[in-house]
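Engineer: Okay, here's the structure, questions in a sec.
The values are calculated or read from the model by the stated rules, or taken from the named source; none is laboratory data. Small disclaimer: the values here were computed from a predicted structure and weren't measured. Every residue, glycine among them, receives a Cβ derived from its backbone with ideal geometry; neighbour counts consider all protein chains shown.
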Amino acid sequence: MNALELRCVRVLAELSTEQLHELAACGEALSFPPGKIIVAQGDPADAMYLMIEGSAGAYVIDKPGNETHLRTLEAGAQFGEIGLLESSERTATVRAITPCRVFRLDQAAFGRLLQRPALAAPLLLGISRSLAARLAHITNRFAEAHTLRDFWWH
């Protein structure tokens, strides 16, 4: 894959061109047609994914079987990093909405990257910033929902 295609991924903003080439050598580019599941809820979380092209939806299915759309992932986004960091199961299904190209970084390659501080530090900083932004967004949505509940039920 062309390492410079990774330049569009927000969590990689701090990586130099040389570091992008190093990272590109650690993973693989995959393509998915619309409707194809990229990762499935409940599966082992053995990789993280960086969106290079296209869009995908993240969905969760509750116990009764209802599917809820969590977010839409566009080029430049990432997913799967939480499960990879926790060595857990996928908490959601991600399905291609349009034709997608993603960069897959598996657990073994991620572990090797962590042994290279010059590459690991900017990557982990990008992931941390992204997770912090997502947490702030979720906190705000929860606060808004709580306010609406209080408005309608009191």
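Engineer: If I ask for residues that are part of a strand (DSSP E or B), more than 18 Å from residue 24 (Cα to Cα), of a type outside the set (Val, Ile, Thr) and out of contact with any Pro (no Cβ under 8 Å at 6 or more places or on another chain), which ones from the range 71-110 would you list?
Structural biologist: Selection gives 71, 73, 74, 95.
Engineer: Also, I was wondering about something else. Which numbered condition in (1) more than 16 Å from residue 12 (Cα to Cα); (2) part of a helix (DSSP H, G or I); (3) hydrophobic (A, V, I, L, M, F, W, C); (4) at pLDDT 90 or above is the only one that residue 121 fails?
Structural biologist: In the conditions (1) more than 16 Å from residue 12 (Cα to Cα); (2) part of a helix (DSSP H, G or I); (3) hydrophobic (A, V, I, L, M, F, W, C); (4) at pLDDT 90 or above, residue 121 misses (1) alone.
Engineer: In addition: If a residue has to be touching a residue at least 60 places away in the same chain (Cβ under 8 Å), among the β-branched types (Val, Ile, Thr) and closer than 14 Å to residue 119 by Cβ to count, how many in the range 10-58 make the cut?
Structural biologist: 1
Engineer: Go through the range 81-99 and report how many residues are more than 22 Å from residue 133 (Cβ to Cβ) and in contact (Cβ under 8 Å) with a residue 60 or more places away in the chain.
Structural biologist: Of the residues in that region, 4 qualify.
Engineer: Right, here's the next one. Give, as residue ranges, the strands (runs of 3 or more DSSP E) completely inside the range 21-62 that count at least 2 residues that are under 13 Å from the mean Cα position of the chain (by Cα) and under 16 Å from residue 5 (Cβ atoms).
Structural biologist: Where strands (runs of 3 or more DSSP E) fall fully within the range 21-62 and carry at least 2 residues being under 13 Å from the mean Cα position of the chain (by Cα) and under 16 Å from residue 5 (Cβ atoms), they are 47-53.
Engineer: Which residues, counting only those in the range 59-80, are free of Cβ contacts under 8 Å to residues at least 60 places away in the same chain and buried (at least 20 other Cβ atoms within 10 Å of the Cβ)?
Structural biologist: Passing the criteria: 73, 79, 80.
Engineer: Go through 88, 130 for me and flag whichever is closer than 17 Å to residue 9 by Cβ, of a type in the set (Ser, Thr, Tyr) and either surrounded by 10 or more Cβ atoms within 10 Å (Cβ to Cβ) or modelled with pLDDT of 90 or more (or both).
Structural biologist: 130
Engineer: Determine which single condition residue 106 fails, assuming it passes every other condition in (1) touching a Cys at 6+ places or on another chain (Cβ under 9 Å); (2) of a type in the set (D, E, K, R); (3) closer than 15 Å to residue 130 by Cβ.
Structural biologist: (3)
Engineer: Moving on to the next point. Against the definition (among the small types (Gly, Ala, Ser), within 18 Å of residue 125 (Cα to Cα) and either exposed (fewer than 14 other Cβ atoms within 10 Å of the Cβ) or in contact with an Asp or Glu (Cβ under 8 Å, 6 or more places away or on another chain) (or both)), how does residue 16 come out, yes or no?
Structural biologist: yes
Engineer: Residues that are within 18 Å of residue 135 (Cβ to Cβ) and touching a Ser or Thr at 6+ places or on another chain (Cβ under 7 Å): does the range 56-71 have at least one? Don't jump to the end; show me each part of the working.
Structural biologist: Let us first name the residues in the range 56-71 that are within 18 Å of residue 135 (Cβ to Cβ), namely 58, 60, 70-71.
Cutting the leftovers down to touching a Ser or Thr at 6+ places or on another chain (Cβ under 7 Å) gives us 60.
Among the residues of the range 56-71, at least one is within 18 Å of residue 135 (Cβ to Cβ) and touching a Ser or Thr at 6+ places or on another chain (Cβ under 7 Å), which makes the answer yes.
Engineer: A further question follows. Among the residues of the range 6-24, count how many are farther than 14 Å from residue 78 by Cβ and out of contact with any helix residue (DSSP H, G or I) (no Cβ under 8 Å at 6 or more places or on another chain).
Structural biologist: 2
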